[in-house]
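The numbers here are math on the coordinates, done by the rules we state, and not lab data. These numbers come from a predicted model, not from an experiment. In this analysis, Cβ positions are derived from the backbone assuming ideal geometry, glycine residues included, and neighbour counts consider all displayed protein chains.
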Amino acid sequence: MKTRERKINWTNAIYFSVVPIMCIFTTIHWFNTGAFNWTTVILALVLATFVELSITAGYHRLFAHRTYNAAWPVKLFFLIFGAAGLQGSALQWALDHRDHHNYVDDNEKDPYSIGKGFFWAHMGWLYFKHNDQLKDMEKAGDLMDDKLVVAQFHTWVPMGFFVGYILPGIIALAWGDLFGGIFIAGFLRSVLNHHATFLINSLTHCIGKQTYSDSHSARDNWFTAFLTFGEGYHNYHHEFPSDYRNGVRPWDWDPCKWTIRGLSYVGLTYDLKKISAEIILRKRMHMKEKHMLKKLNKRNFDFFTSSYVDTFEEMKTRADAAFKYLSSLRQEHKKLTSKTHKPAFVQLEVEVLKDQINQATREFRKAIREWNMLRRQVLAYSRAA
Ligand SMILES: [Zn+2]
Ligand SMILES: [Zn+2]
């Protein structure tokens, strides 16, 4: 396939090369002149948090993936502080990101495909113009209908510079640190915000666990999850992009999901989308089996002629059947509960279905547990053999 010629985006190329170098000198100057100030550091951390949240919970999970909906004050917050992230408008960001998901690892169509190397995925792609994307505005129909998103598209540059660089300077004037406000809470903070986000496209597509799928390069990586408020659970996210959570287990470090859920308790976010636990478990089971077979192969253990194979297949079939039964019950439940008029007998049917779903969930989980125990047993046996 012929590689498309790209024109250099000089504004980005100069900005992303010069600003980090400038920050080294301005930070040294800040320390050398004895201007270091903890209040400025706190300001930088607060602004970094607002920006990171706006990019991850806002640009990413709200605007690019529509994993939930939000009231206008929340959207406005994300659009203002997202602009201060200086990563483009929410509209363009979302379009690039939708292409990343639709064509992941395709060197021509995925704007930041890891196949083109770590640096390209991290920031190299930003050094070039991607004009053809503007032709795809029809893909952004839902975003074009949002007046706030459209208004930010037209104003993000002055808004971003003001909120990202000038405003922290004005605030830090209160304690006499205009320089620190602009260059530490402004520029240095923006460089750190940038590279934390960029690591999702680079590091998280190279290093980490493929917990749910190996059909794409995305990985679950705790380090980037920590830096980006939960975005590092990227294997999960690529597998289930419509879920508002990225760290799906309750203890996974995902402050974004906690923020989104927290705001839902006061009605500021709603329609939070979640993938059901059994679909997630089934994907995990599928990958665990793949990993097991790979390990057995490495140990030269011929699983398919071993005494385990029949029981293993039997347990897998049982788990699959339990999954199908549970899914059919859920569909039936969805059909009944979506009816606007629910006579008494329908309500009764819903109650019965709920009981059946609970029972079927227990059966499914039991089947998975037993299958998992046997998987461990096989692995332990192969290690000892
Ligand atoms: Zn990705
Ligand atoms: Zn995404």
How many angstrom lie between the Cα centre of the range 8-38 and the Cα centre of the range 314-353? 58 Å
Quick one: angle between helix 10-32 and the longest Cα principal axis of the chain, in degrees between 0 and 90, rounded to 10, please. 70 degrees
Looking at MET373, HIS341, ALA322, which one has the Cα that reaches farthest to the positive end of the dipole of the range 277-384 (charges on Cβ: Lys, Arg +1; Asp, Glu -1)? MET373
Which Rg and Dmax, in Å, describe the Cα atoms of the range 200-280? 12.6, 39
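Could you size up the charge dipole of the range 163-299 around its Cα centre, putting +1 on the beta carbon of Lys and Arg and -1 on that of Asp and Glu, and report it in debye to the nearest 20?
Here the range 163-299 has a charge dipole of around 860 debye.
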For the chain, alpha-carbon Rg relative to the globular expectation (2.2 N^0.38 Å, N residues): 1.17
Find how many whole Å separate the alpha carbon centroid of the range 59-79 from the alpha carbon centroid of the range 214-246. 19 Å
Under 5 Å between amide hydrogens, which residues at least 5 positions from PHE128 or on another chain qualify, with H placed 1.01 Å from N in the peptide plane? ASN9
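Just the Kirkwood number for the range 277-384, please: inverse of mean 1/r across all distinct Cα pairs, in Å, one decimal. Could you put the intermediate results ahead of the total?
Numbers: mean 1/r = 0.0632 Å⁻¹.
It works out to 15.8 Å.
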Between ILE14 and THR311, what length comes free when the chain is fully extended (0.36 nm per residue of separation minus the Cα-Cα distance, one decimal in nm)? 100.7 nm
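Just to confirm a number: summing +1 for Lys and Arg and -1 for Asp and Glu over residues other than LEU336 whose beta-carbon lies under 10 angstrom from that of LEU336, what do you get? Please list the in-between numbers first.
Details: positive: LYS334, LYS335, LYS339, LYS342; negative: GLU332, GLU349.
Computed value for this residue: +2.
Please arrange GLU332, GLU52, GLU351 by counting, for each residue, the other beta carbons lying within 10 Å of its beta carbon, fewest first. If you can, show how the numbers build up before the last one.
Numbers: GLU332 15, GLU52 25, GLU351 10.
Result, fewest neighbours first: GLU351, GLU332, GLU52.
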Measure nothing fancy, just the Cα-based angle from helix 38-53's long axis to the longest principal axis of the chain, in degrees from 0 to 90, nearest 10. 50 degrees
Can you give me the angle between helix 255-265 and the longest principal axis of the chain, using Cα atoms only, in degrees from 0 to 90, rounded to the nearest 10? 80 degrees
What nm value, rounded to one decimal, do you get for the distance between PHE36 and VAL352 when each label is placed 7 Å out toward the C-beta? 7.3 nm
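Within the set of other residues whose C-beta is less than 11 Å from the C-beta of ILE279, count the net charge using Lys and Arg as +1 and Asp and Glu as -1.
Working: positive: LYS274, ARG282, LYS283, ARG284, ARG330; negative: GLU239, ASP243, GLU278.
Its environment carries a net charge of +2.
How much mean residue ellipticity at 222 nm does the chain get from its helices, if each DSSP H run of length 4 or more adds -39500 (n - 2.57) and you divide by all residues, to the nearest 500 deg cm²/dmol? Provide the component values of the computation, followed by the final result.
Working: 16 runs with 227 residues, N = 385.
So the calculated ellipticity at 222 nm is -19000 deg cm²/dmol.
How do the peptides 207-218, 26-37 rank, highest first, by the average count of neighbouring beta carbon atoms within 10 Å per residue? Let's see the in-between values first.
On the way: 207-218: 17.6, 26-37: 13.4.
The most tightly packed comes first, giving 207-218, 26-37.
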